[in-house]
1. Can you tell me which residues in the stretch 196-209 are modelled with pLDDT under 85 and open to solvent by less than 10 Å² (accessible area, probe 1.4 Å)?
2. Please specify each residue of the stretch 101-111 satisfying the condition of being under 13 Å from the mean Cα position of the chain (by Cα) and under 18 Å from residue 191 (Cβ atoms).
3. Does residue 270 satisfy the criteria of being touching a His at 6+ places or on another chain (Cβ under 6 Å) and not small (Gly, Ala, Ser)?
4. Mind listing just one residue for me: the one in the stretch 110-140 that is within 12 Å of ligand 1 (Cβ to nearest atom) and among the polar types (S, T, N, Q) and, of those, surrounded by the fewest Cβ atoms within 10 Å (Cβ to Cβ)?
5. I'd like the residue in the stretch 265-293 that is among the charged types (D, E, K, R) and touching a Leu at 6+ places or on another chain (Cβ under 9 Å) and, out of all such residues, is modelled with the highest pLDDT.
6. So, in the stretch 294-314, how many residues would count as being in contact with a Leu (Cβ under 7 Å, 6 or more places away or on another chain) and either in contact (Cβ under 8 Å) with a residue 60 or more places away in the chain or open to solvent by less than 40 Å² (accessible area, probe 1.4 Å) (or both)?
7. So for the stretch 380-388 (the condition being surrounded by 15 or more Cβ atoms within 10 Å (Cβ to Cβ) and at pLDDT 95 or above), does at least one residue qualify?
Amino acid sequence: MALLNRSQWYDLARDTNWTPSFVSEDDLFPPDVADPFKMSKEAWAEYDEPYKVSYREYVRVQRDKDAGVYAVNTAAARTRFMEECNNRWKSLLKFHFGAVSLAESCSQQSEGRMARFGKAPGMRNMATFGLLDEIRHGQSQLYFAHDNLKHGQTFNWGHKLLGTEEWGSVMARSTLDDVFLGRDAVTTAIMLTFAFETGFTNMQFIGLAADAAEAGDTSFSNLISSIQTDESRHAQIGAPLLKMMVKHGLEKEAQKAVDIGFWRTYRFFTLLTGCTIDYFTPLEKREACFREFMEEWIIHQFERTVLDLGLKLPWYWDYFIEDINMFHHGMQAGMWNFRPTVWFDVPAGVSPRERDWLESKYPGWNDNWGRVWDVITKNINAGKPELSLPMTMPLICNLNNLPIVKNPNGKWDPDGQSLVYKGRRYYFQSHVDKWVFEQYPERYSAHTTVTDRLAMGQIEPTVEGILTYMGLSEVERGKDAENYAWAYAHRAQPTKAAAE
Ligand code: MN
Ligand code: MN
């Protein structure tokens, strides 16, 4: 008997919608978790997933992908890359596994929500495969982190991070709760799959994979590029919804979800991707700088996709384009300064040659961020590295939970960055973070940052008290990744700014 082609049976086979008779439609799909925009049945019937795959095809392809990932890992172990790579690369891996492993598990729940509460069968079908994808990602990231334990005990933060009150964990949980876990199926699809996965996962999983391949870490490079092949498929769940919303008079609501989802996940990923690409990766292995990756993956591709769907660029786009030249430099300086508060040794990434590279990629870097590093470099060379360690906690943004940083030459705009809500004052990294807060003040206002908790007396107010609160035992706390070799190099070869 001749087999039918997939296109001949697919629509019929996946069309599992029926008219409920024992319960109402709203009981089956409660609007709060399914579709608070209340799009009509006719509108939902238009959902057309751009990526069509059958279960049989899916399983075959995924099996091959997984077999490849683990085979490459076994083969790579023979090259002794991990035994021979420097501390800096290990830090990059520890940072990645901590930030990403359990975030993959969180996306399992998001995909599960879309798989159950999406009102179009095509959406549920894609999300079911998306759920299986995220199970694969969570498991393989944890497996690789675990496999690396012999190369450093804090690889266990791949599993540990989200259960602690470490500041990066509080930031990650607050973003994941807001974008991945705490929204209805439609908004989750827009914020997670469209705003986040369409752009940002490309950055971490393709941008970093290129650097990793260059650095000789074939196993890690292969793992994350394999994951990205799934991401680029299930990232397509959101776009058909946006098309439907624009067509059925919900353009404003669609735009707002894109604008919020994009901004929240941009902040989240910039800390991880911006710092690792521009500061952690060995200089000679860098394929492009963070800004160049952003231009390629976000500015060009995301811009085109948004406009094609009949939406506008987020209202803060001009500010965003400036921000990609600024924010992560501040995060890097802060993360290095607060190195005991993270679970990996932090490379400064500002040796003389690296500073020249930063200046060439971000003209003006020396006059802005370089000034901060000049003081640090001078103190280390004067034999006073303790002056570069934190004495207390910084002011933290009440929306994104990251320390508030500014270009040292930039203007401080306190009114644009704080507000009072029900008698409490809130501070923000920027007017965009403040705008997000203002969209749903009840959603965000009860949350406290780690610094708020310190001020409220919930944490013992000593450096030891804070680090213990964050779950960092003495041996887990980060140090300078290169024993200050980068600073000593400035003695022999001072930068122009330091020589003056
Ligand atoms: Mn994933
Ligand atoms: Mn995903």
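1. Residues satisfying the conditions are 199, 200, 201, 203, 204, 205, 207, 208.
2. Residues of the stretch 101-111 that are under 13 Å from the mean Cα position of the chain (by Cα), as a first pass: 101-104, 106-107.
Answer for the stretch 101-111, where residues must be under 13 Å from the mean Cα position of the chain (by Cα) and under 18 Å from residue 191 (Cβ atoms): 103, 104, 106, 107.
3. Details: touching a His at 6+ places or on another chain (Cβ under 6 Å): yes; not small (Gly, Ala, Ser): yes.
For residue 270, the condition - touching a His at 6+ places or on another chain (Cβ under 6 Å) and not small (Gly, Ala, Ser) - is met.
4. Looking at residues that are within 12 Å of ligand 1 (Cβ to nearest atom) and among the polar types (S, T, N, Q), I get 139.
5. Within the stretch 265-293, the subset among the charged types (D, E, K, R) is 267, 278, 284-287, 291-292.
Among the residues that remain, those that are also touching a Leu at 6+ places or on another chain (Cβ under 9 Å) are: 267, 278.
Working: 267: 93, 278: 96.
Here the answer is 278.
6. Of all residues in the stretch 294-314, those in contact with a Leu (Cβ under 7 Å, 6 or more places away or on another chain) come to 303, 306, 309, 311.
Filter once more, keeping what is either in contact (Cβ under 8 Å) with a residue 60 or more places away in the chain or open to solvent by less than 40 Å² (accessible area, probe 1.4 Å) (or both): 306, 309, 311.
Number of matching residues: 3.
7. Within the stretch 380-388, the subset surrounded by 15 or more Cβ atoms within 10 Å (Cβ to Cβ) is 380-381, 385, 388.
If we keep only those that are at pLDDT 95 or above too, we end up with 380-381.
Within the stretch 380-388, one or more residues are surrounded by 15 or more Cβ atoms within 10 Å (Cβ to Cβ) and at pLDDT 95 or above.
Yes or no, residue by residue, for (1) within 15 Å of ligand 1 (Cβ to nearest atom); (2) within 17 Å of the chain's Cα centre (by Cα); (3) over 20 Å from residue 281 (Cα atoms); (4) in contact (Cβ under 8 Å) with a residue 60 or more places away in the chain:
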{"site": "211", "(1), (2), (3), (4)": "no, no, no, yes"}
{"site": "221", "(1), (2), (3), (4)": "no, no, no, no"}
{"site": "225", "(1), (2), (3), (4)": "yes, yes, no, no"}
{"site": "231", "(1), (2), (3), (4)": "yes, yes, yes, yes"}
{"site": "246", "(1), (2), (3), (4)": "no, no, yes, yes"}
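The values are calculated or read from the model by the stated rules, or taken from the named source; none is laboratory data. It should be emphasised that the depicted structure is a prediction, and the values quoted were computed from it without experimental measurement. Here Cβ is always computed from backbone atoms with ideal geometry, including for glycine, and neighbour counts include all displayed protein chains. To get the accessible areas, we keep the full protein, side chains included, count just its heavy atoms, and leave off ligands, DNA and RNA. Shrake-Rupley method; radii C 1.70, N 1.55, O 1.52, S 1.80 Å.
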